[in-house]
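Q: Got a structure for you, questions after.
The values are calculated or read from the model by the stated rules, or taken from the named source; none is laboratory data. Note that the structure is predicted; figures quoted are calculated from it, not measured. FYI the Cβ positions are ideal-geometry reconstructions off the backbone, even for glycines, and counts take in every protein chain you see.
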Amino acid sequence: MIIITIKTARATIAIMTTSTNLVRLLQLASPTLPVGAYSYSQGLEAAIDAGIVGDAASAEQWIGDVMEFSIARMEAPILFRLIKNPSETQTLNAAFLASRETAELRAETVQMGYSLNRLLPSLGVSPLSLEEPAFPAVFAAAVTAWDIDPHDGLQAYLWSWLENQVMAAVKAVPLGQTDGQRMLLSLANRIPAAVDSAIAVRDDDIGSFAPGFAMLSSKHETQYSRLFRS
């Protein structure tokens, strides 16, 4: 909400208006964005199958650890640089694709990036002219086109990722909706620190270290029974 102050001869009037940037940001972070995010669990389903995740507490720990040790240290810093330096999109996009530890994680970001890139013209945004645009690259393009603050863009991206992970846990553990909301409330408190860390990290220090996550993702590729594509 933006407050605009108008001064007249007799009084000062404060008018509140909805920020278009905020509305666009909410649209980008919405689970209804048709990019197929709902069909991926990013290794969570494999953790459930392995018995590592089996209730709300273990699901919260898993999701929080992946956000801290993987997303905040690799994906979010790359996204921040994509927003701040659009001229480096091709290089940063290639670096992110190369960082995907497994075939299904790479396929996930390419499929979601492709879907969002196709959607952009309908939203008045020029699509990226990349052969395989990763999801963070296309997300960054929308953030830049809509003149959204990079810090806010990062928060929205992490919230969208977090919400999808919790929804996956609710379906696959399974958990109740109340458990899911409690997890969101708790884990969302960690987003500001993750954003600050992503912004502050130096180029040479960007990198994920989550070997257990990578190994479970590899196992998920041949998992017999599954709901999700990753």
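Q: May I ask you to list the residues in the range 139-191 that are of a type in the set (Asp, Glu) and more than 11 Å from the chain's Cα centre (by Cα)? Give the derivation first.
A: At the first step, the residues of the range 139-191 found to be of a type in the set (Asp, Glu) are 147, 149, 152, 163, 179.
Those that are of a type in the set (Asp, Glu) and more than 11 Å from the chain's Cα centre (by Cα): Asp147, Asp149, Asp152, Asp179.
Q: Further question on the same structure: Pairs, please: C-beta under 8 Å, at least 6 apart or cross-chain, first residue of a type outside the set (D, E, K, R) and in the range 166-186, second surrounded by fewer than 12 Cβ atoms within 10 Å (Cβ to Cβ) and in a helix (DSSP H, G or I)?
A: Close Cβ pairs (under 8 Å, with a partner that is surrounded by fewer than 12 Cβ atoms within 10 Å (Cβ to Cβ) and in a helix (DSSP H, G or I)) amount to Val170/Gln177.
Q: Output the qualifying pairs, or none if there are none: Cβ atoms under 7 angstrom, residues six or more apart or on different chains, first residue in the range 41-66 and in contact (Cβ under 8 Å) with a residue 60 or more places away in the chain and within 21 Å of Ser160 (Cα to Cα), second residue surrounded by fewer than 21 Cβ atoms within 10 Å (Cβ to Cβ) and of a type in the set (Ser, Thr, Tyr).
A: That search, which allows pairs on different chains as well, returns Glu60/Ser186.
Q: If you take the residues in the range 41-69 that are small (Gly, Ala, Ser) and touching a Phe, Trp or Tyr at 6+ places or on another chain (Cβ under 6 Å), which one is nearest to Ala188 (Cα to Cα)? Lay out the reasoning, then the answer.
A: Of the residues in the range 41-69, the ones small (Gly, Ala, Ser) are 41, 43, 46-47, 50-51, 54, 56-59, 64.
Adding the requirement that they be touching a Phe, Trp or Tyr at 6+ places or on another chain (Cβ under 6 Å) leaves 41, 43, 47.
On the way: Ser41: 18, Gly43: 20, Ala47: 21 Å.
Filtering first and then ranking leaves Ser41.
Q: How many residues does the range 178-218 contain that are assigned to a helix (DSSP H, G or I) and surrounded by fewer than 15 Cβ atoms within 10 Å (Cβ to Cβ)? Spell out how you get there, then give the answer.
A: Narrowing the range 178-218 to residues assigned to a helix (DSSP H, G or I): 178-188, 191-200, 203-205, 211-218.
If we keep only those that are surrounded by fewer than 15 Cβ atoms within 10 Å (Cβ to Cβ) as well, we get 178, 181, 185-186, 192-193, 196-197, 200, 203-205, 211.
Result for the range 178-218: 13.
Q: Then there's this: Quick check on the range 159-178. Is at least one of its residues farther than 20 Å from Glu60 by Cα, at pLDDT 95 or above and among the β-branched types (Val, Ile, Thr)? Full working, then the answer.
A: Here is the first cut: in the range 159-178, the ones farther than 20 Å from Glu60 by Cα are none.
No: the range 159-178 contains no residue that is farther than 20 Å from Glu60 by Cα, at pLDDT 95 or above and among the β-branched types (Val, Ile, Thr).
Q: Hey, another quick one. Can you name the condition, by its number, that Ser122 falls short on among (1) small (Gly, Ala, Ser); (2) without any contact (Cβ under 8 Å) to a residue 12 or more places away in the chain; (3) more than 15 Å from Leu33 (Cα to Cα)?
A: (3)
Q: Related question: Looking only at the range 55-104, which residues are in a helix (DSSP H, G or I) and of a type in the set (D, E, K, R)? Please lay out each step first, then the result.
A: As a first pass, look at the range 55-104 and keep what is in a helix (DSSP H, G or I): 56-84, 86-99, 103-104.
Correct list: Glu60, Asp65, Glu68, Arg73, Glu75, Arg81, Lys84, Glu88, Glu104.
Q: Search the range 197-223 for residues that are without any contact (Cβ under 8 Å) to a residue 24 or more places away in the chain and closer than 25 Å to Ala47 by Cβ and pair each with any residue that is surrounded by 15 or more Cβ atoms within 10 Å (Cβ to Cβ) and not hydrophobic (A, V, I, L, M, F, W, C) when their beta-carbon atoms are under 7 Å apart and the residues are at least 6 apart or on different chains.
A: The qualifying pairs do not exist here.
Q: Name the single residue that is nearest to the chain's Cα centre (by Cα) among those in the range 22-37 being part of a helix (DSSP H, G or I) and surrounded by 16 or more Cβ atoms within 10 Å (Cβ to Cβ).
A: Among them, the one singled out is Ala29.
Q: Can you tell me which residues in the range 125-141 are within 14 Å of Arg24 (Cβ to Cβ) and buried (at least 22 other Cβ atoms within 10 Å of the Cβ)?
A: Within the range 125-141, Phe139, Ala140, Ala141 qualify.
Q: Working carefully through the options Phe80, Phe135, Phe96, find the one that is over 13 Å from the mean Cα position of the chain (by Cα), modelled with pLDDT of 95 or more and aromatic (Phe, Trp, Tyr). Lay out the reasoning, then the answer.
A: Working: Phe80 fails: over 13 Å from the mean Cα position of the chain (by Cα); Phe135 fails: over 13 Å from the mean Cα position of the chain (by Cα).
Exactly one residue qualifies, and that residue is Phe96.
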